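Let me begin by presenting the structure, written as structure tokens, before commenting on it.
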Number of protein chains: 2
Amino acid sequence: MRLYKKINQIKKSIQKYKRERKIIGFVPTMGYLHKGHLSLIKIARKKADILVVSIFVNPTQFGPGEDFSRYPRNMERDLGLLEKEDVDMVFYPAIKEMYSEGFETFVEVKELSRVMCGKSRPDHFRGVTTVVLKLFNIVEPDFAVFGKKDFQQAVIIKRMVKDLNLPIRIFTGPIIREPDGLAMSSRNTYLNQTERKNATVLFKSLKWAKNAYNNGVIDSKKIIQKMKKMIKNSGGQIDYVVAVDKNSLKPVRTLKKGTLIAVAVYFGKTRLIDNILL
Amino acid sequence: MRLYKKINQIKKSIQKYKRERKIIGFVPTMGYLHKGHLSLIKIARKKADILVVSIFVNPTQFGPGEDFSRYPRNMERDLGLLEKEDVDMVFYPAIKEMYSEGFETFVEVKELSRVMCGKSRPDHFRGVTTVVLKLFNIVEPDFAVFGKKDFQQAVIIKRMVKDLNLPIRIFTGPIIREPDGLAMSSRNTYLNQTERKNATVLFKSLKWAKNAYNNGVIDSKKIIQKMKKMIKNSGGQIDYVVAVDKNSLKPVRTLKKGTLIAVAVYFGKTRLIDNILL
């Protein structure tokens, strides 16, 4: 496993592999890896000749007052985990390496970035698409893998790839959960014991919704109302609970196959997201 | 010379050349080719194994009420000229091929796009950077050539390439002028006889400015004032006359080597631009 901090250096290695026609797979991360990340890496490992993982806590996707500075980091542990997953190249640039003086170019997927998480985090997805595009241009992967926990992010990345004609395939991996159902997230470490316990309501409410749908309830309003009640009763402060089309992310009145139910909820100061596909 | 209207088809051919490690050169144009375009193509021809030229009048870089619909087009003549220049591949997609349903991704170079032409054409450069990035991703050139007449555009493209880590070199070619000094532009065809004659004041005023600078005048205010007078006296309606740093495009008070003097002026309804480097 080779480590790269400099863009020029990893580009050089990538160029060599490109000339040898290796299939390059890529999993971008913000580090503090958990089983969710590792599941994406395992998916990529199977398809790639050369597997590249990036670790970069990207400042441009955090809003003012968000958790950029306290976002958990543990490079040593991460590198150990990546080594075990047989990763070939790790790219972990400094902020200055990615955003050099005078940086001012941003990529934006307009409509899809405004809804759901985009409402309460207005510049978040602009930061995500910009850094992902930069990473794509540096790593030049044949494919990249994103997690379904950040469902909106994956939809936006796919849209960007299509709209900008990027020669890259996007795959998504399933949500990985703790034994009690909480979706794995680096941000779970922020939760105190009570919050951690309360947070299990997210997946419970999503499972309840899917179950209700399977039993014939198709009125999204009803489902959302009940979910909100469940979440509030467990101490969650709701950012959103929505039922949307899984491609357009537009709200649907009537649930059907392919409807995404997604939630963003604060437990204390920690904002968690989760979702389920009908 | 091979012609391509479909993205998938040109991508396929490009992939073949990439595998053969050909150096791919690219000159994007909006067609209605003149000697300015041809000079860029000649520059690219010398450096490229495979020379790709695109012809696409890009709707997203025209503002409402601008000249998108009446922008001059003559594909047959263009193809004849490109054939003579020994171009290998011509890409001339339909609008729908470039902007398919649901398109909503835009790239913006924030600060540099706000000044000069960006002031009177607020979404213009966003359209330019977006389509150029798309074309770059389709053609995957090793280098691309842009004209210095659109100086601000070239600065913005270079910034985008740097900020997004695109593996593409950007070259610029000099302004090509009519015998009387008017910078070549497809828009010159809009001018009536009087306007055409009046428009020669642009280069005259720029030459005067350079001459004044060479004779020791370094106060940009003085130079700009006098230029504005010259242009108005010749029937031009000024959009801007500026003296700026050639990299940052920020106004300078004191002229020096590397200062760019640039003008945008209406003659009748036709907006022309020109510039000179000190």
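Each reported figure results from applying straightforward, stated rules to the coordinates on display, with no laboratory input. Everything quoted here is computed from the prediction, not taken from an experiment. Neighbour counts run over all protein chains shown; Cβ positions are idealised from the backbone, glycine included.
Which loop trypsin sites (Lys or Arg not before Pro) in segment B:76-114, with loop taken from DSSP, have no more than 16 other Cβ atoms within 10 angstrom of their Cβ? The partial results should precede the final answer.
Values: sites: B:ARG77, B:LYS84, B:LYS96, B:LYS110, B:ARG114; in loops: B:LYS110, B:ARG114.
Here the trypsin sites (Lys or Arg not before Pro) that fit, given the DSSP loop and packing criteria, are B:LYS110, B:ARG114.
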Exercise for the section: Could you calculate the contour length gain from A:GLU111 to A:ARG19, that is, 0.36 nm times the residue separation minus the distance between their Cα atoms, to one decimal place in nm? Expected result: 29.3 nm
Completion exercise
Classified through the alpha carbon gyration tensor (a ≥ b ≥ c as square roots of its eigenvalues; rounded if a/c is under 1.5, else prolate when a/b is larger than b/c, else oblate), segment B:186-277 comes out prolate
Practice task
Along Cα→Cβ, 7 Å out, is where each label goes; now give me the distance between the ones at B:ASN214 and B:GLU104 in nm to one decimal.
Solution key: 5.5
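Please compute the net charge surrounding B:ILE238, taking Lys and Arg as +1 and Asp and Glu as -1 over other residues with Cβ under 14 Å from its Cβ. Please report the intermediate quantities before stating the final value.
On the way: positive: B:LYS119, B:LYS226, B:LYS228, B:LYS229, B:LYS232, B:ARG271; negative: B:ASP239, B:ASP274.
Taking every Cβ under 14 Å from that of B:ILE238, the sum is +4.
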Practice task
Taking amide H positions as placed in the peptide plane 1.01 Å from N, state which residues far from B:GLY147 in sequence (5 or more) or on other chains have amide H under 5 Å from it.
Solution key: B:GLY173
Exercise for the section: Provide an ascending nm list, one decimal, of label-point separations from A:LYS46 to the equivalent residue in each further copy; define each label point as 7 Å from Cα along Cα→Cβ. Expected result: 5.3
Practice task
May I ask for the net charge around B:ARG187, where only other residues with Cβ less than 9 Å from the Cβ of B:ARG187 are counted and Lys, Arg are +1 while Asp, Glu are -1?
Solution key: 0
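Assuming a ≥ b ≥ c are the square roots of the Cα gyration tensor eigenvalues, decide whether segment A:2-74 counts as rounded (a/c under 1.5), prolate (otherwise, with a/b larger than b/c) or oblate. Provide the component values of the computation, followed by the final result.
On the way: a/c = 2.95, a/b = 1.64, b/c = 1.80.
Oblate, since a/c reaches 1.5 and b/c is not below a/b.
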Handout entry: Percent of beta bridges antiparallel (DSSP, chain A, rounded to nearest 5)
Key = 50
Handout entry: Exam field: B:PRO179 pseudo-label spacings to other copies (7 Å along Cα-Cβ), nanometres
Key = 9.0
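Would you mind getting me the FRET efficiency between A:SER69 and B:LYS257? Use the beta-carbon distance for r and R0 = 41 Å, nearest 0.05.
On the way: r = 43 Å, r/R0 = 1.06.
Once the sixth-power term is evaluated, E becomes 0.40.
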Problem - Nitroxide proxy distance, nm - points 7 Å out along Cα→Cβ at A:LYS84 and A:TYR266 - result: 3.6
Practice task
Evaluate the distance, in nm, between pseudo-label points positioned 7 Å from the Cα of A:ILE95 and of B:LYS162 along their respective Cα→Cβ axes.
Solution key: 2.1
Fill in the blank from the handout: Of the listed pairs B:LYS110/B:LYS246; A:LYS5/B:LYS158; A:LYS149/B:LYS96; B:LYS110/B:LYS134, those with alpha carbons more than 26 Å apart are A:LYS149/B:LYS96
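Calculate, in nm to one decimal, what B:GLN225 and B:ASN192 gain on full extension: separation in residues at 0.36 nm each, minus their alpha carbon distance. Please report the intermediate quantities before stating the final value.
Values: separation 33, 0.36 × 33 = 11.88 nm, distance 2.70 nm.
9.2 nm is the gain from fully extending B:GLN225 to B:ASN192.
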Exercise for the section: Shortest first and in nm with one decimal, please list how far the B:TYR240 label point sits from its counterparts in the other copies (point 7 Å along Cα→Cβ). Expected result: 3.6
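Relative to the compact-globule scaling 2.2 N^0.38 Å, provide the ratio for the alpha-carbon radius of gyration of the protein assembly as shown.
Working: Rg = 27.0 Å, N = 556, 2.2 N^0.38 = 24.3 Å.
Output field value: 1.11.
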Exercise for the section: Return the sequence-ordered ³J(HN,Hα) values of segment B:116-130 in whole Hz as given by the Karplus equation 6.51 cos²θ - 1.76 cosθ + 1.60 applied to θ = phi - 60°, using x for Gly and Pro. Expected result: 6, 4, x, 5, 8, 10, x, 9, 4, 6, 4, x, 5, 5, 5
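Where does the charge balance sit around B:LEU166 when Lys and Arg score +1, Asp and Glu -1, over other residues with C-beta under 14 Å from its C-beta? Spell out each step's value before the answer.
Working: positive: A:LYS11, A:LYS134, B:LYS134, B:LYS158, B:ARG159, B:LYS162, B:ARG169; negative: A:GLU140, B:GLU140, B:ASP142, B:ASP163.
Net charge around B:LEU166: +3.
Please label the shape of segment A:2-173 as rounded, prolate or oblate, based on the square roots a ≥ b ≥ c of the eigenvalues of the alpha-carbon gyration tensor (a/c under 1.5 means rounded; beyond that, a/b larger than b/c means prolate, else oblate).
Values: a/c = 1.40, a/b = 1.30, b/c = 1.08.
Verdict is rounded for segment A:2-173.
With r as the distance between the Cβ atoms of A:LYS6 and B:ASP245 and R0 = 25 Å, compute the FRET efficiency 1/(1 + (r/R0)^6) and round to 0.05. Walk me through the numbers on the way to the answer.
Details: r = 29 Å, r/R0 = 1.15.
It comes out at approximately 0.30.
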